[in-house]
1. Can you pull out the residues in region 113-167 that are among the hydrophobic types (A, V, I, L, M, F, W, C) and in a loop (DSSP other than H, G, I, E, B)?
2. Got a sec? Which helices (runs of 4 or more DSSP H) wholly within region 1-53 have at least 2 residues that are closer than 21 Å to residue 69 by Cβ?
3. Taking the residues in region 105-133 that are touching a strand residue (DSSP E or B) at 6+ places or on another chain (Cβ under 9 Å) and among the small types (Gly, Ala, Ser) as candidates, determine which candidate is nearest to residue 201 (Cα to Cα).
4. Residues to consider are 54, 27; find the one that is in contact with a Lys or Arg (Cβ under 6 Å, 6 or more places away or on another chain), outside the structural domain of residue 142 (by TED's automatic domain parsing), at pLDDT below 85 and farther than 30 Å from residue 193 by Cβ.
5. Select from region 138-182 the residues that are modelled with pLDDT of 90 or more and of a type in the set (Phe, Trp, Tyr) and write down the one among them that is farthest from residue 194 (Cα to Cα).
6. Name the single residue that is modelled with the highest pLDDT among those in region 77-126 being aromatic (Phe, Trp, Tyr) and surrounded by 19 or more Cβ atoms within 10 Å (Cβ to Cβ).
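The values are calculated or read from the model by the stated rules, or taken from the named source; none is laboratory data. No experiment lies behind these values; they were computed from the predicted model shown. Cβ atoms come from the backbone with ideal geometry, glycine included; neighbour counts cover every protein chain shown.
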Amino acid sequence: MDKTFGERMRKARLAAGLTQESLAAMVAITEVSINRYEMGHRVPNAELINRLAVPLKCSMKWLITGNGAMQDTSEGIEGFTALIPIPVFTEKIPAGFPKYLSEDIAEYICLPDAPAGSFAIRVSGDSMNPTIKSEDYVLFVKADQLSHNDVVIVRDEWGEVMIKRYREKDGDAFFVSDNPEYPIIKAKDGHTLVGKVIAAWNKRQIKL
């Protein structure tokens with residue numbers, strides 16, 4: 001099995017009988033960029049992955065995850081729900097989010113029924129046990145307003161990202177861990193809301 005996105009991209013390109021130069025021309029990027037993607041130096045963004053899958057004549061699901069057949073005819077069947085590639089951030093979400101660079105993305109995953117504009121991050125730590133566990137993929141969307149008990153992703157005053165449950169009491173806001181061993185954090189001006197969590201998936205569930 002081809003373990004990296006770059007390996008799969010190169011395999012699909014060769015199977016389609018394309019050179020790096022011809023593929024670059026078909027998706028309106030440089031040959032240098034194609035080479036960087038295949039060498040694993042960079043990962044293309046979601047929009048470009050969609051564009052690449054067409055001339056490569058391969059399943060976008062396979063291209064992103066490596067699972068399933070390289071060419072999956074089910075994607076052309078009426079009623080088939082297309083899978084949206086979801087960018088997974090590295091341990092830190094960029095300060096300019098929702099703007100980001102391809103270097104900020106560790107990988108892409110596909111999840112059923114994920115809304116457009118979704119993002120994901122891999123959890124590190126057990127502060128949200130048992131609801132969300134370490135190594136889970138947390139799916140989130142950009143949010144400007146919160147409701148009591150929402151699970152949110154927040155950047156603290158030092159730029160560190162934390163996943164907590166939003167609570168309100170007596171006019172004050174707090175960030176609370178589901179794991180009772182962690183302290184309650186009072187919301188303050190240094191905290192920045194990144195997004196609202198809409199789902200959590202573990203490795204076993206992501207076998208598409």
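1. Those that are among the hydrophobic types (A, V, I, L, M, F, W, C) and in a loop (DSSP other than H, G, I, E, B): 114, 116, 123, 128, 132, 143, 146, 158.
2. 5-15
3. Ranking the qualifying residues of region 105-133, first place goes to 120.
4. 27
5. 182
6. For region 77-126, the residue satisfying everything is 119.
Okay, residues lined up against (1) more than 25 Å from residue 63 (Cβ to Cβ); (2) in contact (Cβ under 8 Å) with a residue 40 or more places away in the chain:
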| site | (1), (2) |
| --- | --- |
| 93 | no, yes |
| 125 | yes, no |
| 163 | yes, yes |
| 194 | yes, yes |
| 198 | no, yes |
